[in-house]
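The values are calculated or read from the model by the stated rules, or taken from the named source; none is laboratory data. Values in this document were obtained by computation on a predicted structure and should not be read as measured data. Glycine gets a Cβ as well: all are built from the backbone with ideal geometry, and neighbour counts include every protein chain shown.
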Amino acid sequence: MSNDRNKIVVIGGGSGTSAAIRGLKSHNTDLTAVVTMFDSGGSTGILRDEFGYPPFGDLRQCLVALSPDGDERTDALNQALGFRFDSDSSLNGHSVGNLVLAALTTAYGGLQPALDEISSILRVDGQVVPVTLSAAHLCARLVDGQVIRTESAIDLRGTNPPGIDEVFLDKQVTANDRAINALNEADAILLGPGDLYTSVTPNLLVPGIAEAIRESNASVIYACNLMTKAGETDGFGASDFAREIVRYLDGRKLDYLLVNDSKFPTNVLNAYSQEHAQQVVIDNGRALEFASEIVESDFVHIDDLQVRHDSKKLADVVMASLESKKPVS
């Protein structure tokens, strides 16, 4: 039996990508996180607006997720990197990790060298790759023709209608060569989990990324959202999420669509209903138009009424999909 590690690229940003990485790193994998670079909110947004730094927040989360568990040195550093100053203080809610990455980016003359240095310090097994090293803002065109500029403005729309017609970038950007190379060598490409229009599809807007996925022989897997999001995916079923991913892949059908089939407790559903969000379900068979195989399973971890993808459950299904594609010797 071969000892070669499965090369898996996880595409997205934020907590969803971090959750996927945490589960997958316990398997025999060579992991690359390709991370969106269009975040504009919170500490990241302040550093971006005031100093022109790239957005660090999603990169930081993925670096921490890829560092080894149970190591006293890295555990202490990870806790420090995750510390956030009070928003009412002179440090204005900044994350220590974002400030460290800002300092390293200046000291080493660029984002990629900074990431390489902190990856070495954190003993990261794998790599965290910005989808682009160019600067741009995410924009959304609504169904009434109105245009919203910046990721944070899209993310914080709340229940304001109308819906999103398409997302796009306000400037031409260039794909990071490391991202393209990772996609070209991948055995599996996992899109998501994460917000459809602000975490996952923005990566597919970067020229060359969707093309590399379309031309890849890797299994292309999409982890569908567990819940809808007000102002973005109101009323979406699993087929709607899959349709949009395939749309931004320029028609490349998914190999696997992962959809949660577990039931949520009433108190959880009630809490989300206050945010005008509801559980995503498989709807009327249309999902098969966009995916060759639908995998329905329990993917859920619930903590304090918050619904998240369970790292282990998600990783186990991703690895099983890889095993199913291996030829019988």
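Six or more apart or on different chains, Cβ atoms under 6 Å: show the pairs whose first residue is in region 267-279 and on the phi > 0 side of the Ramachandran plot and whose second is surrounded by 13 or more Cβ atoms within 10 Å (Cβ to Cβ) and modelled with pLDDT under 95.
Once the first residue is on the phi > 0 side of the Ramachandran plot and sits in region 267-279, its partners that are surrounded by 13 or more Cβ atoms within 10 Å (Cβ to Cβ) and modelled with pLDDT under 95 give 276/230.
Mind counting the residues in region 187-215 that are among the hydroxyl-bearing types (Ser, Thr, Tyr) and either within 17 Å of residue 290 (Cα to Cα) or free of Cβ contacts under 8 Å to residues at least 12 places away in the same chain (or both)? I'd like the intermediate steps shown before the answer.
Of region 187-215, the ones among the hydroxyl-bearing types (Ser, Thr, Tyr) are 197-199, 201.
Imposing the further condition that a residue be either within 17 Å of residue 290 (Cα to Cα) or free of Cβ contacts under 8 Å to residues at least 12 places away in the same chain (or both) reduces the set to 201.
Final tally of qualifying residues: 1.
Can you say whether residue 180 is within 21 Å of residue 236 (Cα to Cα) and not assigned by TED's automatic domain parsing to the domain that holds residue 321, as far as the supplied structure shows?
Numbers: within 21 Å of residue 236 (Cα to Cα): no; not assigned by TED's automatic domain parsing to the domain that holds residue 321: yes.
No: the conditions fail for residue 180.
Picking from 28, 6, which residue would you name as being at pLDDT 90 or above, out of contact with any strand residue (DSSP E or B) (no Cβ under 6 Å at 6 or more places or on another chain), more than 21 Å from residue 308 (Cα to Cα) and not aliphatic (A, V, I, L, M)?
Values: 6 fails: out of contact with any strand residue (DSSP E or B) (no Cβ under 6 Å at 6 or more places or on another chain).
Exactly one residue qualifies, and that residue is 28.
Quick check on my filter: what residues within region 33-51 are out of contact with any Gly (no Cβ under 6 Å at 6 or more places or on another chain) and within 27 Å of residue 210 (Cα to Cα)?
Listed by number, the residues that qualify are 33, 34, 37, 38, 40, 41, 45, 48.
Output yes when any residue across region 242-254 is assigned to a helix (DSSP H, G or I) and either without any contact (Cβ under 8 Å) to a residue 12 or more places away in the chain or on the phi > 0 side of the Ramachandran plot (or both), and no when none is. Write out each step before concluding.
Let us first name the residues in region 242-254 that are assigned to a helix (DSSP H, G or I), namely 242-248.
Keeping just the survivors that are either without any contact (Cβ under 8 Å) to a residue 12 or more places away in the chain or on the phi > 0 side of the Ramachandran plot (or both) gives 247.
Yes, because at least one residue in region 242-254 is assigned to a helix (DSSP H, G or I) and either without any contact (Cβ under 8 Å) to a residue 12 or more places away in the chain or on the phi > 0 side of the Ramachandran plot (or both).
Show me the helices (runs of 4 or more DSSP H) entirely contained within region 82-183 in which 3 or more residues are of a type in the set (Gly, Ala, Ser). Please lay out each step first, then the result.
Working: elements: 96-107, 111-121, 151-155.
Per the criteria, 96-107, 111-121.
What residue, among those in region 231-275 that are among the small types (Gly, Ala, Ser) and crowded, with 16+ Cβ neighbours inside 10 Å, is farthest from residue 195 (Cα to Cα)?
Taking region 231-275 first, the residues among the small types (Gly, Ala, Ser) are 231, 235, 237-239, 242, 251, 262, 271, 273.
Filter once more, keeping what is crowded, with 16+ Cβ neighbours inside 10 Å: 231, 237-239, 242, 271.
Values: 231: 12, 237: 14, 238: 13, 239: 15, 242: 13, 271: 19 Å.
Out of the qualifying residues, it is 271.
Could you grab me the full set of residues in region 64-77 that are within 12 Å of residue 22 (Cβ to Cβ) and assigned to a helix (DSSP H, G or I)?
Those that are within 12 Å of residue 22 (Cβ to Cβ) and assigned to a helix (DSSP H, G or I): 64, 65, 66.
Kindly evaluate residue 307 against the criterion of being over 20 Å from residue 186 (Cα atoms), under 17 Å from the mean Cα position of the chain (by Cα), aliphatic (A, V, I, L, M) and surrounded by 19 or more Cβ atoms within 10 Å (Cβ to Cβ).
Values: over 20 Å from residue 186 (Cα atoms): yes; under 17 Å from the mean Cα position of the chain (by Cα): yes; aliphatic (A, V, I, L, M): yes; surrounded by 19 or more Cβ atoms within 10 Å (Cβ to Cβ): yes.
So residue 307 passes the test.
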